[in-house]
């Protein structure tokens, strides 16, 4: 087996993913756009979204140039980090632009298709969202694989993975602007449109007489679509790079413990995250295709998520067997299960007809104060399952890999868990982008005067879209906790390599640098946050 050619596998899969994106885009664009009025309103939304991205990209470009020059001057002759920074930022911006472009063009087609079939409109909107869902792992694979080839990563030169950090830094910068800029714009437009329309003018939501409605619909795209996409692109990139760094530390630690690996085997541990992420493209594609026109959109969504998880589980099993440690499969499986648990928990707390939603609606009959207290108490309560789940998988994955090679092996197990949960990004982001598409479609139907034709079909899809957006928020927070832990481990491993401590062998060595690097400490801290929120939830609910 030619191990030097392994990097071409994720590169090829990433390029194939870009081809699949073109196919999905064609499937969306072949649908009819409806009446002239529908096309006019859709063009207003697209123009607004384009104007926002143009302004945002222009602002980001200034920072990219300045920071790249500083990195180049400060780290010379390691120009690869500065190049990776620019490359990562550009990949993030390209993915954001393409994903949002597909979303703003799918909305009017979804509205028109809903005139004939609500279930078919769901499938179309989901495929439109899958463009953003697929472009995140695809560009991650293409970007990081090409960077690996550029820095000369091979079985005899694995420590050059340090030079990949610039790519993650660039993706993080783009995510910062996209999240803050898009999020602030979204909520400002949403609140402004509601205050002017519902409170002051007394007109219904998405009424064409309210000019702020267009800004509200634009905000759904730049915030929930572009902003969340950039955020998850950054989380995925950082997770991949940090896991590769921890992989190098694991290889060196095994060598220090008297268990040296052959260069080819060591290279597998470093390339493991890239190979694992390649499955994301395949699994997401099959998950999107599994979304059939069913009567219940939530059921169709769950089938897609379960299909994606099943495909990933099978692929991770064979990859772990190839590496030689089936324990990595169980760690990755824990990550995927935590993503499913997060999704189910959010569905319960935000689903139509579920107790939290019904009780909060009933509380509204007693006034705004009781309504706010009840909603907030359920919101705080909803953090219990996700936080306990994240804490459990952090500790469990650490102890699963602990017998393999000590504490650093345990850290690599947590990295595999992070790979497992982030491998669900494609399907989760597809569901998230589905939200603004159906929200926009509902607004277009209202403003173009076809609301009677679509009936409650788009209202139901819009409600499901709110659930998917909530799922992605919870999923993103879960990914952020685990990825932050991996980034901390990678930082400490790098710090140890450049000091007299040399290669890390155990957590007692890590403690010389930072007590918080102990996974059990991190898990306890997460549980501590839950206890605080649980107490606040109970107290507020009793007060209401």
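No value in this document is a laboratory result; all are computed from the given coordinates. All values derive from a computational prediction rather than experimental measurement. We place every Cβ from the backbone using ideal geometry, glycine too, and count neighbours over all the protein chains shown.
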- [ ] Calculate the tail of P(r) for the stretch 287-417: the fraction of all Cα-Cα distances greater than 16 Å, expressed in %.
- [x] 71 percent
Task: Helix-only CD estimate at 222 nm, as mean residue ellipticity for the chain, using -39500 (n - 2.57) per DSSP H run (n ≥ 4) - done: -28000 deg cm²/dmol
- [ ] Taking the chain as the reference, fit the longest principal axis to its C-alpha atoms, fit the long axis of helix 263-289 to the helix C-alpha atoms, and give the angle between the two in degrees, 0 to 90, nearest 10.
- [x] 10 degrees
Open item on the list: What does the extension gain come out to for residue 65 and residue 525, with contour length at 0.36 nm per residue minus their alpha carbon separation?
Closed with: 161.8 nm
- [ ] May I ask for the angle, rounded to the nearest 10°, between helix 79-113 and the longest principal axis of the chain, with both axes built from Cα atoms and the value confined to 0 to 90°?
- [x] 30 degrees
Open item on the list: Using only the alpha-carbon atoms, what does the stretch 85-241 span along each of its principal axes? Please give whole angstrom values in decreasing order.
Closed with: 69, 34, 18
TODO: Treating the angle as unsigned and between 0 and 90°, give the value, to the nearest 10°, between the Cα long axis of helix 297-323 and the longest Cα principal axis of the chain.
DONE: 10 degrees
TODO: Please state, as a whole number in µm²/s, the translational diffusion coefficient that the Stokes-Einstein equation yields for the stretch 3-543 at 25 °C and 0.890 mPa s, with Rh defined as the Kirkwood radius across alpha carbon pairs.
DONE: 103 µm²/s
- [ ] In Å and from the alpha-carbon atoms only, list the Rg and Dmax of the stretch 247-318.
- [x] 18.3, 60
- [ ] Take the Cβ-Cβ distance between residue 23 and residue 157 as r, set R0 to 45 Å, and report the resulting FRET efficiency rounded to the nearest 0.05.
- [x] 0.75
